[in-house]
Amino acid sequence: MWKSLLLAGAIAATACAQTGPSPVEIANLREDVRGLSQRVGELSLRVEQLERENADLRQRLSAADKSSVSLAQLNDAVSDLKANIRAAAAGAKTETLQQVSAQMEKLAKQTNAALDSLAKAQATRPAVQTRFSEEYAREGVSYTVQKGDTIALIAKKTGAKQQDIVNANKISDPSRITVGQTLFIPGGK
């Protein structure tokens with residue numbers, strides 16, 4: 001660009017030299033050359049600025065290419081994530097089943113121990129009375145079982161014998177009388 005300006009200036013100077021330029025023309029030509037030189041300097045600065053911006057854009061594009069992912073890469077990542085989630089869920093399921101199994105075994109042992117305890121208690125319990133004596137007073141009173149009553153307590157309250165109450169009412173298990181039940185109390189008051 002500088003060369004073309006110098007060439008234009010040289011052509012103008014040659015033309016002026018052949019015809020004899022006037023001092024005004026020379027001053028105008030000098031001013032034109034100075035203006036053109038200034039403009040060339042401005043354009044050179046602008047070109048340098050554009051080159052820097054272009055280099056910056058190239059650098060950003062290169063960084064963007066490195067950070068971007070393809071659809072195939074995203075699909076692979078999603079597939080890997082799904083596989084990891086499935087594996088974690090299967091592991092959690094297995095662990096939960098193991099915990100439930102251990103708790104069920106513990107409960108089964110406790111239940112068996114309780115059943116064994118009940119069976120032993122039943123074994124030591126006196127046999128249920130199925131035969132009742134008919135030897136008790138035929139006269140007596142009616143008594144309605146109250147909360148907290150036992151055969152022994154009722155006998156004490158009424159002055160009757162426990163065995164007479166059991167025989168008269170044919171109670172096979174004296175520990176199983178119920179509130180509201182009406183009993184015949186032989187010889188009772």
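Observations on the structure shown:
- Test: residue in the range 116-126 that is surrounded by 10 or more Cβ atoms within 10 Å (Cβ to Cβ), in a loop (DSSP other than H, G, I, E, B) and without any contact (Cβ under 8 Å) to a residue 40 or more places away in the chain: yes
- T158 meets all of the listed conditions (1) modelled with pLDDT under 85; (2) among the β-branched types (V, I, T); (3) closer than 18 Å to G188 by Cβ but one, namely (1).
- When S142, S133 are checked against the criterion of being free of Cβ contacts under 8 Å to residues at least 60 places away in the same chain and in a strand (DSSP E or B), S142 stands alone in meeting it.
The values are calculated or read from the model by the stated rules, or taken from the named source; none is laboratory data. What you see is a predicted model; the values in this text were computed from it and never measured. With ideal geometry, Cβ positions are generated from the backbone for all residues, glycine too; neighbour counts draw on all protein chains shown.
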